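The block underneath contains the structure these notes are about, expressed in structure tokens.
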Amino acid sequence: MRSPLLAIFLVVVVDVLGLTIMLPLLPFYAEHFGASPTVVGLLVSTYALCQLLAGPVLGQISDHVGRKPVLLASQVGTFAGFLVLAYAPSLFFVFLGRVIDGLTAGNLSIAQAYIADVTAPKERARAFAVIGIAFGIGFLVGPGLSGYLSAHYGFHVPILCAAGLSLTSILGTTFLLPAVPPRPEGERPAAPIGQQEEDAPVAPGGTRLRLFDWGTYAQYFRRPVLGGLLWEFFLFTFAFASFTGGFALFAERRYAWHGVAFGPKQVGYVFTYAGLLGIVVQGSLRSGWPVRVFGEVRLVTFGFAAAAAGYTILGLSHAVPTLLIAATFSSLGNGLIRPALTSLITQQVGRGEQGVVLGLNQSLMSIAQIVGPAIAGALIDRGWLSTWAFWTALITVVALVLNRTARESRTAAAERLERA
């Protein structure tokens, strides 16, 4: 791992630890203030709405002034949001803390843009696995730590730990991350998959898009290969947001351990198990052999199939053993999809568009996280637990069908080109 990737890895893993500490805790913390499952879903959606407003702006600014200063500003906002959340006297301040964090939550997209800056296109699947490994470590340590601390010391302590980690991330970015990323030797603007002689087209007027310039954003969806990949990414994040936004409340109502309903501790341990599997998957991707053997497109296909199976098993599950089987399939699938799909997307644009396209990715993720948790909360509030899981599986199946259709179209086009 080169030094810039090592630095970004350390920064991202600390950030992800702070985020995953909140994952099993926030629904129960909101319920502590009287929130219903529907309100819990809206709490997650509010955070994502703020991300949607801020994500394109942060990506655009990072293209102008550089990744490091924007990443620092984002991390400071996260730190402030955690402090407000930890000392919230009412549900209103819980929402306020998430709004502050959401308006500055560009950490992941800026980190992805930084990785794209320092790696050549053929190396990006392995490089993006760095973020996947960071997520795996975060899920391995954060949720379990959160569950343990909240069970023994109350809700405030893990939130303050997340704030401390956020402060550590700020220091890591300040002192470890090079301000100007090195350009990979021999890099040229990326070309569409299957084409090497032409540069990828650029956005009208360059890459500096305005926040609500959706007409300009739409041109990315009109690109033959890139458009399909963006839709697949949206469906992936939609399903994942529906799952993470509803799982804690689902588990609280569906499972028991020694006669006691699941709480933050048990939910945290399930996420820890998923994190362990994520490290194994991302570690294999980092080695490079899955991409060499199967290719990124097939890895995405297999990932969608595995995730759909996991969500379906979850809907049928009423006991802890089948819950773990469901977690195994879904973790395997999601671990494969994110780095491979992100790599394919970045290969469709030149260096100057990386920040905008990854900012667009962040916007798609935010839209998914607005809608997904809100639907999940409403379904669980009505007691439709299995319906929630099957709904998540259905979204993933749609993505799988889209992926397979796109593969067949590209294969047919290649065969026609060879015959010609």
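Data for the structure
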quantity: Residues within the range 9-25 that are outside any helix (DSSP H, G or I) and among the hydrophobic types (A, V, I, L, M, F, W, C), tallied; calculated: 2
quantity: Condition met for Gln51 (open to solvent by less than 10 Å² (accessible area, probe 1.4 Å) and part of a helix (DSSP H, G or I)); calculated: no
quantity: Of residues in the range 251-293 being of a type in the set (A, V, I, L, M, F, W, C) and farther than 21 Å from Phe135 by Cβ, the one most open to solvent (accessible area, probe 1.4 Å); calculated: Trp257
quantity: Conditions (1) open to solvent by 10 Å² or more (accessible area, probe 1.4 Å); (2) among the small types (Gly, Ala, Ser); (3) in contact (Cβ under 8 Å) with a residue 40 or more places away in the chain: number failed by Ala307; calculated: (1)
quantity: Members of the range 131-182 that are without any contact (Cβ under 8 Å) to a residue 40 or more places away in the chain and either touching a Leu at 6+ places or on another chain (Cβ under 7 Å) or outside any helix (DSSP H, G or I) (or both); calculated: Gly154, Val157
quantity: Qualifying residues in the range 56-114 (those that are part of a loop (DSSP other than H, G, I, E, B) and of a type in the set (Ser, Thr, Tyr)) - the one nearest to the chain's Cα centre (by Cα); calculated: Thr104
quantity: Single condition Ala35 does not satisfy, out of (1) touching a Lys or Arg at 6+ places or on another chain (Cβ under 6 Å); (2) part of a loop (DSSP other than H, G, I, E, B); calculated: (1)
quantity: Any chance Gly333 is open to solvent by less than 10 Å² (accessible area, probe 1.4 Å), in contact with a Phe, Trp or Tyr (Cβ under 7 Å, 6 or more places away or on another chain) and modelled with pLDDT of 80 or more; calculated: yes
quantity: Only listed residue being closer than 27 Å to Gly55 by Cα, within 18 Å of the chain's Cα centre (by Cα), open to solvent by less than 30 Å² (accessible area, probe 1.4 Å) and in contact (Cβ under 8 Å) with a residue 40 or more places away in the chain, chosen from Gln362, Gln348; calculated: Gln362
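The values are calculated or read from the model by the stated rules, or taken from the named source; none is laboratory data. Everything numeric in this text was worked out from a predicted model, so none of it was measured. Don't worry about glycine lacking a Cβ; one is built from the backbone with ideal geometry, like all the others, and counts go over all protein chains shown. The area values use the complete protein model at the heavy-atom level, side chains included, leaving out ligands, DNA and RNA. Shrake-Rupley method; radii C 1.70, N 1.55, O 1.52, S 1.80 Å.
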